[in-house]
Amino acid sequence: MSEMLQIQGLSIPYDPAIITPKIAQSIERGRYERDEVNGTPKFIKPDDRVIELGAGIGFISSFLAKNLKVKDILCVEADPNLCAFIERVHRENDISTAQVKNAVALNDAAQTSTAKFYVRDPFWSSSLDGSSEYVRAVDVPAVFLSDLIRDFRANTLIVDIEGGERDLFDPLDLTGIDKIFLEIHTRKIKRIGIKMCFDALSANGFAYDQQVSRAGSVLFRRIPKWQLKAHARETS
């Protein structure tokens, strides 16, 4: 039987092929994904329908399902090995309400049915960017994020895709989405990438929520229509 790591009342299998000693230490000390653990309870509700892009080891989806009682979660992960591990984590924690999809979610301008994904060690540095050293490249099914949003009837996005956020939101139909919790990877996308994210989300009617955001973990909320109409009247 595999050794189990414990965090936030959840069990994570200690598989050395996935969990490095550094990650294991972070889990054991309760520091793993701390910003997400501290931030999500401030805006996630049990009846939210959540799509998580870059689901990693399945910890956040498990935290949402078990601790925040979210019943509808779609985990999208490009690394097929991680998809198998996520499902294992869900089983270990008796979670049956989270789905796992091996795919890369792209914006509405994408013109490919597959995407090259570059797997690195540790897993969290894997990405669509092949410009730096990687362990292997895998072809992964590519899907339109707007299709996932529509078909899953999602109202919340949690996004941690190691730089892929730069081009994700323009162009993108975000109909139905009210909340976007975004991990910004400044080292990857630079300041211009941050501007691209903020500009695209602002154009889609979202605003930065400073009460939840911390460091690179940023919450965007959709601006209520009545506020947009009031602003339009004031400035006309």
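Within segment 1-43, the set of residues being hydrophobic (A, V, I, L, M, F, W, C) and under 14 Å from the mean Cα position of the chain (by Cα) comprises Val37 only. Of the numbered conditions (1) at pLDDT 95 or above; (2) in a strand (DSSP E or B), Lys116 fails exactly one; give the number of that condition. Result: Lys116 passes all but (1). Residue check: Asp170 meets all listed conditions (1) under 26 Å from Asp15 (Cα atoms); (2) touching a helix residue (DSSP H, G or I) at 6+ places or on another chain (Cβ under 8 Å); (3) not β-branched (Val, Ile, Thr) but one, namely (1).
One residue stands out in segment 168-184 among those that are in contact (Cβ under 8 Å) with a residue 40 or more places away in the chain and more than 16 Å from Val76 (Cβ to Cβ): the one that is surrounded by the most Cβ atoms within 10 Å (Cβ to Cβ), namely Lys179. Residues in segment 69-86 that are of a type outside the set (Lys, Arg) and surrounded by fewer than 17 Cβ atoms within 10 Å (Cβ to Cβ): Pro80, Asn81, Ala84. Counting only strands (runs of 3 or more DSSP E) that sit completely within segment 1-87, those holding 1 or more residues that are polar (S, T, N, Q) correspond to 4-7, 10-13. Inclusion of Ser146 among residues that are farther than 22 Å from Gly39 by Cβ, in contact (Cβ under 8 Å) with a residue 40 or more places away in the chain, surrounded by 15 or more Cβ atoms within 10 Å (Cβ to Cβ) and hydroxyl-bearing (Ser, Thr, Tyr) is not warranted. When Asp209 is tested against (1) buried (at least 17 other Cβ atoms within 10 Å of the Cβ); (2) over 16 Å from the mean Cα position of the chain (by Cα); (3) within 22 Å of Ala109 (Cβ to Cβ), exactly one condition is not met: (3). Restricting the search to strands (runs of 3 or more DSSP E) fully inside segment 142-236 and requiring at least 2 residues that are closer than 19 Å to Ala115 by Cβ and in contact with a strand residue (DSSP E or B) (Cβ under 6 Å, 6 or more places away or on another chain) gives 156-159.
Any chance segment 121-137 includes a residue that's β-branched (Val, Ile, Thr), touching a residue at least 40 places away in the same chain (Cβ under 8 Å) and at negative phi? No, every residue in segment 121-137 fails to be β-branched (Val, Ile, Thr), touching a residue at least 40 places away in the same chain (Cβ under 8 Å) and at negative phi.
Between Arg233, Arg187, Arg153, the distinction of being touching a Lys or Arg at 6+ places or on another chain (Cβ under 7 Å), surrounded by fewer than 18 Cβ atoms within 10 Å (Cβ to Cβ) and not acidic (Asp, Glu) belongs to Arg153 only. Considering (1) surrounded by fewer than 20 Cβ atoms within 10 Å (Cβ to Cβ); (2) part of a helix (DSSP H, G or I), the lone condition that Val138 does not fulfil carries the number (2).
The values are calculated or read from the model by the stated rules, or taken from the named source; none is laboratory data. The structure presented is a predicted model; accordingly, all values stated were derived computationally and were not measured. Glycine gets a Cβ as well: all are built from the backbone with ideal geometry, and neighbour counts include every protein chain shown.
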